[in-house]
Amino acid sequence: MAVKLVLVVRADLGMGRGKIAAQAAHAAVAAALASIGRAEFAEWLSEGQPKVVLRVNSAEDLLAITVQATAAELPSQLVEDAGRTQLAPGTPTCCAVGPAAAERIDTVTGELSLL
């Protein structure tokens, strides 16, 4: 079974490349820490921690992905900005879905475009 982690980033916020990288890193770390001890986490590690970064164009779209992931019983982590630099505190910036079976994640994120 192929296992992956998908990071979904809001493209409508005008975040700089460094800010996007930091927010995606927050999501990836949160997802990894929340998955420690799960069989899919161990498999994801052994496969080289595959990741895909996708985009959405609004807070509503991002929140819809997290709701769909939860409904599909997929691990998900929503990141909200601390407000120290470019964005207002609490702004949802990205989410992580997984690590989990790629085919399960694709049912939620398969229609999204690459960032």
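Taking all protein chains in place and a 1.4 Å probe, what share, in percent, of the accessible surface of the chain do carbon and sulfur account for?
55
Taking amide H as placed 1.01 Å from N in the peptide plane, the amide H of V53 sits under 5 Å from that of L7, L115, each at least 5 places away or on another chain. Taking a Cβ cut-off of under 15 Å around L63, the surrounding Lys, Arg, Asp and Glu residues balance to a net charge of -3, with basic ones at +1 and acidic ones at -1.
Each residue was assigned an accessible area with a 1.4 Å probe, and for V53 the value is about 50 Å². For segment 25-115, the solvent-accessible area with a 1.4 angstrom probe is 53 square angstrom per residue. Beta-bridge orientation, the chain: approximately 70 percent antiparallel, per DSSP, counting only bridges with both partners inside. The dipole here belongs to the chain: it is taken about the Cα centre, uses +1 on the Cβ of Lys and Arg and -1 on the Cβ of Asp and Glu, and is about 400 debye.
For segment 63-112, the calculated P(r) over all alpha carbon pairs, in 5 Å bins from 0 to the bin holding the longest distance, is 5, 21, 27, 17, 12, 11, 6, 0 percent.
How much net charge surrounds G90 when only other residues with a Cβ under 10 Å from its Cβ are counted (Lys, Arg +1; Asp, Glu -1)?
In short, -2.
Seen from A72, the other residues with C-beta closer than 15 Å to its C-beta sum to a net charge of -3, counting Lys and Arg as +1 and Asp and Glu as -1.
Per-residue surface analysis assigns T70 an accessible area of about 90 Å², computed on protein heavy atoms at 1.4 Å probe radius.
The values are calculated or read from the model by the stated rules, or taken from the named source; none is laboratory data. Note that the structure is a prediction, hence the values are computed from the model and not measured. All Cβ positions, even for glycine, are placed from backbone atoms using ideal geometry, and neighbour counts span all protein chains on display. Ligands, DNA and RNA are stripped out before the accessible areas are found, and what is left, the full protein with its side chains, is counted by its heavy atoms. Shrake-Rupley method; radii C 1.70, N 1.55, O 1.52, S 1.80 Å.
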